[in-house]
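What follows is a set of notes on a single structure, which appears directly below.
The values are calculated or read from the model by the stated rules, or taken from the named source; none is laboratory data. Just so you know, these numbers come straight off a predicted model, no measurement behind them. Every residue, glycine as well, gets a Cβ built from its backbone with ideal geometry; the counts of neighbours run over all protein chains shown.
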Amino acid sequence: MLTNLQYRMLKRIAPRSRASCDDSVYEGKSKLTLLGTELLRKIAGKTVIDFGCGEGREAIEIAQRGAKRVIGIDIRDDILEIARKRAFDAGLQDTCQFVSSTAERADIVVSIDAFEHFSDPAGILRIMDTLLKAGGEVLVSFGPTWYHPLGGHLFSVFPWAHLLFREQALIRWRSGFKTDGATRFGEVAGGLNQMTVRKFERLIATSPFQVAALQLLPIHSLRFAHNRWTREYTTALVRCRLIKRT
């Protein structure tokens, strides 16, 4: 009964579709800045893997900024085809490779806006370990985390709606304009694994990596309230540098 009531409420108050947390905010900007300016000083002459590369924009930019070789990895064949065309149009088809897997090892593995989407993030960290040269590093940036006001991405029809409404009600509302048959948050396009700051820290603690640096960047309007007790609700972006565990 509660699910039906919430569904009816969503149909009344929510738009037919929701574009929150999409990439439009980065139109004309570089998402590499999410990894910090230090990245740009490291990539010259290096082999870089962009894990969860999407349509290849960042991988191509990494190549344009001096990387010797860039490998973009994604599981979606249609997206990889778009990335390959982008690289060809940029004249970087010999520098950039877009594949679903590789045995090649890199100096740097980057992951941008992906860790909240991986269905098996612990497994992803193990794969990253096999892709990294000795002495290499993983640079990760992602957000919003699950308890962020818009941490539900599409499902955050208003701040924290994804926490206030049942998963079944939100999925049913989404089925009114999406036809992929998803029945859980983790089954929607791109997936949502409900990643929190604490969950991410626990993942790293049991992974082949250790944290070399970790930054929790606050929501600008809530920066005055950002601290270790409120961080789950006030963190806009998680940024970290990982190195192999010693």
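Some points to look at:
- Criterion: polar (S, T, N, Q), at pLDDT 85 or above and on the phi < 0 side of the Ramachandran plot - qualifying residue of SER24, SER20, SER30: SER30
- So ALA212, is it under 19 Å from SER156 (Cβ atoms), in a strand (DSSP E or B) and in contact (Cβ under 8 Å) with a residue 40 or more places away in the chain: no
- Residues being part of a loop (DSSP other than H, G, I, E, B), over 17 Å from PRO144 (Cα atoms) and in contact with an Asp or Glu (Cβ under 7 Å, 6 or more places away or on another chain) are entirely absent from the stretch 223-242.
- Considering the conditions (1) surrounded by 13 or more Cβ atoms within 10 Å (Cβ to Cβ); (2) under 20 Å from VAL238 (Cα atoms); (3) within 14 Å of the chain's Cα centre (by Cα), ILE108 is excluded by exactly one of them, (3).
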